[in-house]
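The values are calculated or read from the model by the stated rules, or taken from the named source; none is laboratory data. Remember, predicted model here, so these are calculated numbers, not experimental data. Note that each Cβ is placed from the backbone with ideal geometry, even for glycine, and that neighbours are counted across all protein chains shown.
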Amino acid sequence: MKKIFAPLIHELPFFFIICILLFEGTIASRIYLTFSSFIQSFATVFIYSYSATMIVYFSKSKTIKFTFYLIAYVLCLIDLYLHIQFGTRISPNIILLLSETNSHESTEFIQTYLLSSRILIFIAVFLMCIGATYILEKRKRFFLLFRKSGILIILVLLFLTFGTYCTSMHYYRLFKCQDTMEVDVWMKKYEMRAMDNLSNLTYSLYDMFLMRKEQEKALFYALNDIDGTIINQDSINIIFVIGESHNKWHSSLYGYSLNTNPLLTEEFTKGRLFLFRDATAPYNLTSNVLRSLFNTNCLGMNEKWLNGVFFPAIFHHAGFEVDFWDNQYDPTSRNSFDFSLNSYIHNPTIESTVYSKSNKKSFNLDEKLLQDYFSIKSNKYSHNLIMFHLMGQHFAYYTRFPHGIGFDHFTSDSIIRKDKRLTNKMKQVIADYDNATRYNDYILFSIIEHYKDTNCAVIYLSDHGEDVFDYQNEIGRCLEKEVSVPVMHHQFNIPFFVWCSDIYQEKHKDIIDNLKTALPKPFSSDNICHLLFHLAGIKTKYYTPERDIIGPTYKCPIRLINDVIDYDRALKKKP
């Protein structure tokens, strides 16, 4: 027992300061902090600090003590600076950014930020902390008055035991992840981004390590051995729009009681919009969905996204101009899912090789994204693949539509349900979601309006769905591998339609007939590229007729959910 407490008694100032410096990151993540994550994070920091204190005490080495202080101080100050200056933390994106920064960019960064007046605050804080550390170390004898008590012994042993468990499970779960998709789930399910600075650094380095491995393999397949030719030489615009968190059952196109799709419903009535009835997403996480959405792999045939070809590259090779405007592209985001996705679809090699144009910033509203694209786009190219990735109905719903100009259409009074479990606050959240859905209707109609007088097909689907108090008192998405039928119904069922201009319908009557026939057929969004090849008139060896929902030989592959659930088989079972 003496050996357990001796480091704490004789090096208590060191232990206390290391705890504070490492725990700063957890406090900075207070928006994500729950009581459980707070306790687990503190227990992990306790183990880190105690281990360092024990090494310092038994080694009696001032060099080792200085090294521990240096690491803790550097991590704390960097994390704190990033949090205040950029609203982010140490993350895979930040590490990647540092690794790819050249000397010119470093000079600009120093001139812009490190020589700014704000840096004086950090210098002052740094000097105060150093001063406090020096004083505490000099008065270390004062802490020798510290005495053990029964309660203190129990608390220390409790934190040592619980901290050892939390730390070991933290790293066991992290290092068990074999790819960035698994890290995405680990981050959301276990960590909730409320990590101390050392754990956060470890996660960031490991996630970047996995990303580098995946990226090298994915890019090799994505941009090599590309083929593709244009069959029909008529000018054409293929518009591929990816929505976000769009619950199919909150769309009046699919029978929702509130009129959330007035504009698209009018297009449907006029016979220009072809609404598919049974489409699913393979995951309910954006990054997982989009990596397969953009590649030619088929998950139902056990084909990983890493081994697929990046389908926009096939369009580019065939002679299409490929433009991509992504309202979720944020190079400063520390979310693992943003990092792992953007490091692929916004990889510099892909950007320079495949895209003719792409956005360099995101916007608070999707309408501004469209305005940005339309303001710079010229129509000099005859064949265009234009891709939009919207913010859609992403949480928080209230921020996804403009206020005071007619889009505050629904209120809590609009939400009428038979069950009595919904409070007025919950009803208002649903109303906000429905308003965001109605705004999304306006966005999609704006795209249609812009291209209606051209030979054009617009393809829209959502990355995944969302629970909005639909069958339980929760919003968001389930992160378990095994999910129930109600979860699949709301989170994996997705809206999916193809809109065709009058000119396109006149030129491609056979395709229109095939569209009408295909509407009730089952479909999984990871096979969307084959439909796009068909609609665009592209011949490529990567086109598989059996995966093309409007092809005569279409046969829907197994629709896998989270890589483990056969969707159609699960539907036959009771929830």
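Filter region 382-436 for residues that are among the aliphatic types (A, V, I, L, M) and touching a strand residue (DSSP E or B) at 6+ places or on another chain (Cβ under 6 Å); which is farthest from Phe240 (Cα to Cα)?
The qualifying residue farthest from Phe240 (Cα to Cα) is Ile430.
I need a count of the residues in region 364-380 that are aromatic (Phe, Trp, Tyr) and exposed (fewer than 15 other Cβ atoms within 10 Å of the Cβ).
Just the residues of region 364-380 that are aromatic (Phe, Trp, Tyr), to begin with: 373-374.
Next, from what is left, pick out any that are exposed (fewer than 15 other Cβ atoms within 10 Å of the Cβ): 374.
Total meeting the criteria: 1.
Inspect all residues belonging to region 454-461 and state whether any of them is in the same structural domain as Gly228 (by TED's automatic domain parsing) and without any contact (Cβ under 8 Å) to a residue 40 or more places away in the chain.
Looking for residues that are in the same structural domain as Gly228 (by TED's automatic domain parsing) and without any contact (Cβ under 8 Å) to a residue 40 or more places away in the chain, one finds none in region 454-461, hence no.
Taking the residues in region 372-429 that are under 25 Å from Glu321 (Cα atoms) and at pLDDT below 90 as candidates, determine which candidate is farthest from the chain's Cα centre (by Cα).
Once the filter is applied, the top-ranked residue is Lys380.
Take the conditions within 28 Å of Ile386 (Cα to Cα), without any contact (Cβ under 8 Å) to a residue 24 or more places away in the chain, touching a helix residue (DSSP H, G or I) at 6+ places or on another chain (Cβ under 9 Å) and not charged (D, E, K, R) and apply them to Tyr504. Does it pass?
When the stated conditions are applied, Tyr504 does not pass them.
I'm trying to understand the selection: among the residues of region 72-87, which are assigned to a helix (DSSP H, G or I) and over 15 Å from Phe16 (Cα atoms)?
Keep residues of region 72-87 that are assigned to a helix (DSSP H, G or I), which gives 72-86.
Matches in region 72-87: Val74, Leu75, Leu77, Ile78, Asp79, Leu80, Tyr81, Leu82, His83, Ile84, Gln85, Phe86.
So, in region 1-45, how many residues would count as being surrounded by 15 or more Cβ atoms within 10 Å (Cβ to Cβ), of a type in the set (Phe, Trp, Tyr), modelled with pLDDT under 85 and within 28 Å of the chain's Cα centre (by Cα)?
1
Quick one: Lys189 ticks every box in (1) in a loop (DSSP other than H, G, I, E, B); (2) exposed (fewer than 14 other Cβ atoms within 10 Å of the Cβ); (3) at pLDDT below 85 except a single one, so which number is it?
That leaves (1) as the condition not met.
Is there any pair linking a residue in region 397-424 that is in the same structural domain as Asn261 (by TED's automatic domain parsing) and surrounded by fewer than 15 Cβ atoms within 10 Å (Cβ to Cβ) to one that is small (Gly, Ala, Ser) and in a loop (DSSP other than H, G, I, E, B), with Cβ under 8 Å and at least six apart or on different chains, and which?
Ile416/Ser257
Answer yes or no as to whether Asp234 is outside the structural domain of Asn307 (by TED's automatic domain parsing) and either surrounded by fewer than 17 Cβ atoms within 10 Å (Cβ to Cβ) or closer than 29 Å to Lys304 by Cβ (or both).
Answer is no for this residue.
Among all residue pairs at least 6 apart or on different chains, which show Cβ distances below 8 Å where the first residue, located in region 265-290, is closer than 18 Å to Asn247 by Cα and the second is part of a loop (DSSP other than H, G, I, E, B) and small (Gly, Ala, Ser)?
As it stands, the answer is Ala281/Gly465; Asn284/Gly465; Val289/Ala281, since those pairs meet every condition given.
Does at least one position in region 228-245 carry a residue that is in contact with a Ser or Thr (Cβ under 6 Å, 6 or more places away or on another chain) and more than 25 Å from Phe388 (Cβ to Cβ)?
No - not one qualifying residue is present in region 228-245.
Right, Tyr439: part of a strand (DSSP E or B), modelled with pLDDT of 95 or more and under 22 Å from His490 (Cα atoms) or not?
Criteria not met by Tyr439.
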